[in-house]
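Presented below is the structure to which this report refers.
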Amino acid sequence: MLVSEPDFENSNSKQPAENTWVKLNVGGTYFLTTKTTLSRDPNSFLYRLCQENAQLISDRDETGAYLIDRDPTYFSPILNYLRHGKLVINKNLAEEGVLEEAEFYNITELIRLVKEKISLRDSFSLRDSKKHVYRVIQCHEEELTQMVSTLSDGWRFEQMINIGSQYNYGNADHAEFLCVVSRELGATTNCKETEPTDRAKVLLQKGSRM
(Lines give C-alpha, C1' and ligand atoms only; values in the text may rest on other atoms or scores of the structure.)
Protein backbone atom coordinates (compact mmCIF):
# COMPACT_ATOMS: atom_id res chain seq x y z
CA MET A 1 0.00 0.00 0.00
CA LEU A 2 1.48 3.31 -1.07
CA VAL A 3 1.37 6.24 1.32
CA SER A 4 1.67 9.66 -0.25
CA GLU A 5 4.15 12.10 1.22
CA PRO A 6 2.78 15.28 2.82
CA ASP A 7 2.76 18.28 0.58
CA PHE A 8 5.19 20.40 2.62
CA GLU A 9 5.40 23.09 -0.04
CA ASN A 10 1.68 23.79 0.04
CA SER A 11 1.39 23.46 3.80
CA ASN A 12 4.22 25.93 4.44
CA SER A 13 2.79 28.42 2.00
CA LYS A 14 -0.42 28.68 3.98
CA GLN A 15 -0.29 31.42 6.58
CA PRO A 16 -2.40 31.42 9.73
CA ALA A 17 -5.67 33.25 9.20
CA GLU A 18 -4.76 35.97 11.67
CA ASN A 19 -1.61 36.85 9.68
CA THR A 20 -3.36 37.09 6.32
CA TRP A 21 -2.70 40.35 4.52
CA VAL A 22 -5.68 42.42 3.44
CA LYS A 23 -5.74 45.08 0.76
CA LEU A 24 -8.16 47.99 1.05
CA ASN A 25 -9.09 50.57 -1.55
CA VAL A 26 -10.37 53.54 0.45
CA GLY A 27 -11.59 56.32 -1.79
CA GLY A 28 -9.01 55.41 -4.45
CA THR A 29 -6.04 55.07 -2.08
CA TYR A 30 -4.64 51.62 -1.27
CA PHE A 31 -3.87 50.44 2.25
CA LEU A 32 -2.19 47.14 3.09
CA THR A 33 -2.69 45.65 6.53
CA THR A 34 -3.42 42.33 8.26
CA LYS A 35 -6.51 40.60 9.54
CA THR A 36 -5.07 40.89 13.04
CA THR A 37 -5.06 44.66 12.76
CA LEU A 38 -8.55 44.89 11.30
CA SER A 39 -9.89 42.49 13.93
CA ARG A 40 -8.86 44.66 16.90
CA ASP A 41 -12.48 45.64 17.57
CA PRO A 42 -14.83 42.68 16.97
CA ASN A 43 -17.82 45.02 16.73
CA SER A 44 -16.35 47.14 13.98
CA PHE A 45 -17.15 47.30 10.30
CA LEU A 46 -13.55 46.38 9.44
CA TYR A 47 -13.66 43.23 11.57
CA ARG A 48 -16.78 41.99 9.79
CA LEU A 49 -15.33 42.97 6.42
CA CYS A 50 -12.38 40.61 6.59
CA GLN A 51 -14.10 37.54 8.03
CA GLU A 52 -14.31 34.58 5.67
CA ASN A 53 -17.92 33.83 6.54
CA ALA A 54 -18.87 37.47 6.82
CA GLN A 55 -22.42 38.41 5.96
CA LEU A 56 -21.19 41.86 5.05
CA ILE A 57 -21.00 42.09 1.28
CA SER A 58 -18.33 44.39 -0.11
CA ASP A 59 -17.25 44.90 -3.69
CA ARG A 60 -13.64 44.44 -4.75
CA ASP A 61 -11.69 46.18 -7.48
CA GLU A 62 -9.66 44.51 -10.22
CA THR A 63 -6.72 44.01 -7.81
CA GLY A 64 -8.87 42.21 -5.26
CA ALA A 65 -8.85 45.10 -2.78
CA TYR A 66 -11.97 45.77 -0.74
CA LEU A 67 -13.70 48.91 -1.97
CA ILE A 68 -14.61 51.43 0.75
CA ASP A 69 -16.14 54.73 -0.30
CA ARG A 70 -14.64 56.94 2.43
CA ASP A 71 -12.04 59.71 2.71
CA PRO A 72 -8.56 58.10 2.64
CA THR A 73 -7.00 61.09 4.45
CA TYR A 74 -9.00 60.37 7.57
CA PHE A 75 -8.59 56.62 7.28
CA SER A 76 -4.89 56.77 8.25
CA PRO A 77 -5.56 57.70 11.92
CA ILE A 78 -8.15 54.91 12.05
CA LEU A 79 -5.77 52.28 10.72
CA ASN A 80 -2.88 53.49 12.87
CA TYR A 81 -5.03 53.24 15.99
CA LEU A 82 -5.89 49.64 15.09
CA ARG A 83 -2.19 48.93 14.65
CA HIS A 84 -0.82 50.32 17.92
CA GLY A 85 -3.78 51.40 20.02
CA LYS A 86 -2.83 55.08 20.15
CA LEU A 87 -4.65 58.12 18.83
CA VAL A 88 -2.37 60.14 16.57
CA ILE A 89 -3.87 62.98 14.52
CA ASN A 90 -1.81 65.12 12.15
CA LYS A 91 -2.00 68.89 12.56
CA ASN A 92 -3.81 69.35 9.25
CA LEU A 93 -6.63 66.99 10.24
CA ALA A 94 -9.73 67.99 12.19
CA GLU A 95 -10.65 65.88 15.20
CA GLU A 96 -14.29 65.99 14.08
CA GLY A 97 -13.32 64.33 10.80
CA VAL A 98 -11.55 61.50 12.62
CA LEU A 99 -14.57 61.11 14.91
CA GLU A 100 -16.86 60.85 11.89
CA GLU A 101 -14.77 58.01 10.47
CA ALA A 102 -14.42 56.26 13.84
CA GLU A 103 -18.20 56.29 14.16
CA PHE A 104 -18.64 55.02 10.61
CA TYR A 105 -16.31 52.07 11.24
CA ASN A 106 -17.86 51.64 14.70
CA ILE A 107 -14.58 51.45 16.64
CA THR A 108 -15.86 51.98 20.17
CA GLU A 109 -12.68 52.81 22.08
CA LEU A 110 -11.41 55.12 19.36
CA ILE A 111 -14.71 57.03 19.41
CA ARG A 112 -14.25 57.59 23.14
CA LEU A 113 -10.64 58.79 22.74
CA VAL A 114 -11.48 61.26 19.97
CA LYS A 115 -14.42 62.68 21.94
CA GLU A 116 -12.15 63.18 24.95
CA LYS A 117 -9.61 64.97 22.76
CA ILE A 118 -12.28 67.26 21.31
CA SER A 119 -13.64 68.02 24.78
CA LEU A 120 -10.15 68.86 26.07
CA ARG A 121 -9.45 71.05 23.04
CA ASP A 122 -12.70 72.95 23.48
CA SER A 123 -12.10 73.50 27.18
CA PHE A 124 -8.72 75.09 26.45
CA SER A 125 -10.22 77.20 23.67
CA LEU A 126 -12.96 78.42 26.00
CA ARG A 127 -10.43 79.31 28.67
CA ASP A 128 -8.18 81.15 26.21
CA SER A 129 -11.10 83.07 24.70
CA LYS A 130 -11.90 84.73 28.02
CA LYS A 131 -10.27 87.97 29.08
CA HIS A 132 -10.05 89.70 32.40
CA VAL A 133 -10.61 93.30 33.35
CA TYR A 134 -8.34 94.46 36.15
CA ARG A 135 -9.00 97.53 38.26
CA VAL A 136 -6.76 99.06 40.88
CA ILE A 137 -8.48 100.94 43.70
CA GLN A 138 -6.58 103.22 46.06
CA CYS A 139 -8.02 103.53 49.55
CA HIS A 140 -7.14 104.19 53.19
CA GLU A 141 -6.96 101.44 55.77
CA GLU A 142 -10.35 102.30 57.32
CA GLU A 143 -11.98 102.05 53.87
CA LEU A 144 -10.80 98.50 53.09
CA THR A 145 -13.73 96.65 54.67
CA GLN A 146 -16.30 98.83 52.96
CA MET A 147 -14.54 98.56 49.59
CA VAL A 148 -14.42 94.75 49.67
CA SER A 149 -18.02 94.40 50.88
CA THR A 150 -19.37 96.69 48.16
CA LEU A 151 -17.72 94.98 45.16
CA SER A 152 -20.17 94.52 42.30
CA ASP A 153 -21.23 91.08 41.11
CA GLY A 154 -18.56 89.42 38.98
CA TRP A 155 -15.68 91.31 40.57
CA ARG A 156 -13.31 89.51 42.88
CA PHE A 157 -10.49 90.61 45.14
CA GLU A 158 -7.02 89.69 43.80
CA GLN A 159 -4.31 91.50 45.77
CA MET A 160 -3.67 94.23 48.31
CA ILE A 161 -0.48 96.33 48.22
CA ASN A 162 0.59 98.64 50.99
CA ILE A 163 1.92 101.81 49.38
CA GLY A 164 2.15 103.90 52.58
CA SER A 165 1.53 107.61 52.21
CA GLN A 166 3.69 110.62 51.47
CA TYR A 167 1.70 112.45 54.15
CA ASN A 168 2.12 109.75 56.80
CA TYR A 169 3.52 111.28 59.99
CA GLY A 170 3.25 108.16 62.12
CA ASN A 171 -0.55 108.07 62.11
CA ALA A 172 -1.78 104.64 60.97
CA ASP A 173 -5.01 106.19 59.70
CA HIS A 174 -3.04 107.69 56.84
CA ALA A 175 -1.80 104.30 55.56
CA GLU A 176 -2.85 103.76 51.96
CA PHE A 177 -3.35 100.58 49.97
CA LEU A 178 -3.81 99.51 46.39
CA CYS A 179 -6.51 96.88 46.00
CA VAL A 180 -6.44 94.90 42.75
CA VAL A 181 -9.78 93.44 41.65
CA SER A 182 -10.68 91.52 38.49
CA ARG A 183 -13.65 90.39 36.45
CA GLU A 184 -13.76 87.71 33.76
CA LEU A 185 -15.22 88.76 30.42
CA GLY A 186 -15.94 86.99 27.13
CA ALA A 187 -13.85 87.33 23.99
CA THR A 188 -16.33 89.82 22.51
CA THR A 189 -15.63 92.38 25.21
CA ASN A 190 -14.39 95.72 24.03
CA CYS A 191 -10.60 95.54 24.23
CA LYS A 192 -10.45 99.06 25.68
CA GLU A 193 -12.20 97.80 28.81
CA THR A 194 -9.53 95.19 29.46
CA GLU A 195 -6.83 97.80 30.09
CA PRO A 196 -6.52 99.59 33.44
CA THR A 197 -6.45 103.36 33.41
CA ASP A 198 -3.15 105.24 33.20
CA ARG A 199 -3.55 106.32 36.81
CA ALA A 200 -4.14 102.74 37.89
CA LYS A 201 -1.00 101.62 36.07
CA VAL A 202 1.06 104.23 37.83
CA LEU A 203 -0.37 103.27 41.20
CA LEU A 204 0.23 99.58 40.56
CA GLN A 205 3.84 100.22 39.54
CA LYS A 206 4.34 102.38 42.58
CA GLY A 207 2.88 99.73 44.86
CA SER A 208 5.08 96.98 43.38
CA ARG A 209 8.19 98.94 44.36
CA MET A 210 7.16 99.40 47.99
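The values are calculated or read from the model by the stated rules, or taken from the named source; none is laboratory data. This is a predicted model, so every value here is computed, not measured. Because the Cβ atoms are built from the backbone with ideal geometry, glycine has one as well, and the counts that use them run over all protein chains shown. Just so you know, the surface numbers come from the protein's heavy atoms only, side chains and all, with ligands and any DNA or RNA stripped out. Shrake-Rupley method; radii C 1.70, N 1.55, O 1.52, S 1.80 Å.
Scanning the range 155-178 for residues that are open to solvent by less than 80 Å² (accessible area, probe 1.4 Å) and more than 17 Å from VAL136 (Cβ to Cβ), which turns out modelled with the highest pLDDT? Checking each candidate, the answer is HIS174. The residues of the range 117-145 that are modelled with pLDDT of 75 or more and of a type in the set (Gly, Ala, Ser), listed by number, are SER119, SER123. So which residues in the range 105-120 are within 24 Å of SER58 (Cα to Cα) and in contact with a Leu (Cβ under 8 Å, 6 or more places away or on another chain), if there are any at all? Across the range 105-120, the qualifying residues are TYR105, ILE107, LEU110, ILE111. Of the set (1) in contact with a strand residue (DSSP E or B) (Cβ under 8 Å, 6 or more places away or on another chain); (2) part of a helix (DSSP H, G or I); (3) open to solvent by 50 Å² or more (accessible area, probe 1.4 Å), all apply to ARG135 but (2). Scanning the range 74-121 for residues that are in contact with a Phe, Trp or Tyr (Cβ under 8 Å, 6 or more places away or on another chain) and of a type in the set (D, E, K, R) turns up GLU100, GLU101.
Scanning the range 1-37 for residues that are assigned to a helix (DSSP H, G or I) and either more than 20 Å from THR63 (Cα to Cα) or modelled with pLDDT under 90 (or both) yields PHE8, GLU9, ASN10, SER11, ASN12, SER13, ALA17, GLU18, ASN19, THR36, THR37. Residues in the range 38-93 that are of a type in the set (Lys, Arg), out of contact with any strand residue (DSSP E or B) (no Cβ under 8 Å at 6 or more places or on another chain) and part of a loop (DSSP other than H, G, I, E, B) were compared, and the one that is most open to solvent (accessible area, probe 1.4 Å) is LYS91.
Within the option set VAL181, VAL148, VAL114, being open to solvent by less than 90 Å² (accessible area, probe 1.4 Å), farther than 30 Å from PRO77 by Cβ, modelled with pLDDT of 80 or more and not charged (D, E, K, R) holds for one residue only, VAL181. Taking residues in the range 78-91 that are within 14 Å of GLU109 (Cβ to Cβ), and partners anywhere that are acidic (Asp, Glu) and in a helix (DSSP H, G or I), the pairs with Cβ atoms closer than 7 Å and at least 6 places apart or on different chains are ILE78/GLU101.
Can you pull out the residues in the range 94-111 that are in a helix (DSSP H, G or I) and surrounded by fewer than 18 Cβ atoms within 10 Å (Cβ to Cβ)? Passing the criteria: GLU96, GLY97, GLU100, GLU103, PHE104, THR108, GLU109, ILE111.
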